[in-house]
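Nothing in this text is a laboratory measurement; each read-out follows from the coordinates by a stated rule. If you're wondering where the values come from, they're calculated on a predicted model, not measured in any experiment. Positions of Cβ are generated from backbone atoms using ideal geometry, with glycine treated the same way; all protein chains shown enter the neighbour counts.
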Amino acid sequence: MTMNFDDMTMTTIWLKIDEKLNGEPGPIKGMTVTYSFDLSGDDGGLYGLTLADGKAVTITGDPGEVDCALTMRVKDFKKLLAGNLNSTAAFMMGKLKVKGNIGLALKLEGLLKQYSF
């Protein structure tokens, strides 16, 4: 069952991401990467996600140096999490901007699909 993110605050969403990834660490084992998310719109802000040693750490605010920086609107981020937005299509349409390793952005979408958000 997928979650409905429309009525959730970004704080709640990041808590859910943390809870889900750390509750089912299988897909993130062996990954060592840090992402930043610059989300614009209502309830937007700067967030980070670090995956290392089979653990996920979510960061509210500037995560510092990252391997992959993603910029998008809050509503598109919610669609991406819910599996309703393809990252490649979003990138081509200008809804997603990526700095750093674009392969890591694609890997993130594959990772998210392994979790039922």
Quiz item: Percent antiparallel among DSSP beta bridges with both residues in the chain, to the nearest 5?
Solution: 75 percent
Quiz item: What whole number of Å gives the distance from the Cα centroid of the stretch 28-58 to the Cα centroid of the stretch 67-117?
Solution: 12 Å
Quiz item: Within the stretch 36-60, whose backbone N sits under 19 Å from a point 7 Å along Cα→Cβ of D6?
Solution: 41-44
Quiz item: Simple spin-label model, 7 Å along Cα-to-Cβ: D43 to K99 in nm?
Solution: 2.6 nm
Quiz item: From the square roots a ≥ b ≥ c of the eigenvalues of the alpha-carbon gyration tensor of the chain, which class results: rounded (a/c under 1.5), prolate (a/b over b/c), or oblate?
Solution: rounded
Quiz item: With a ≥ b ≥ c the root eigenvalues of the C-alpha gyration tensor of the stretch 54-98, is it rounded (a/c under 1.5), prolate (a/b larger than b/c) or oblate?
Solution: prolate
Quiz item: R0 = 25 Å: FRET efficiency of K55 with L106, Cβ-based, nearest 0.05?
Solution: 0.65
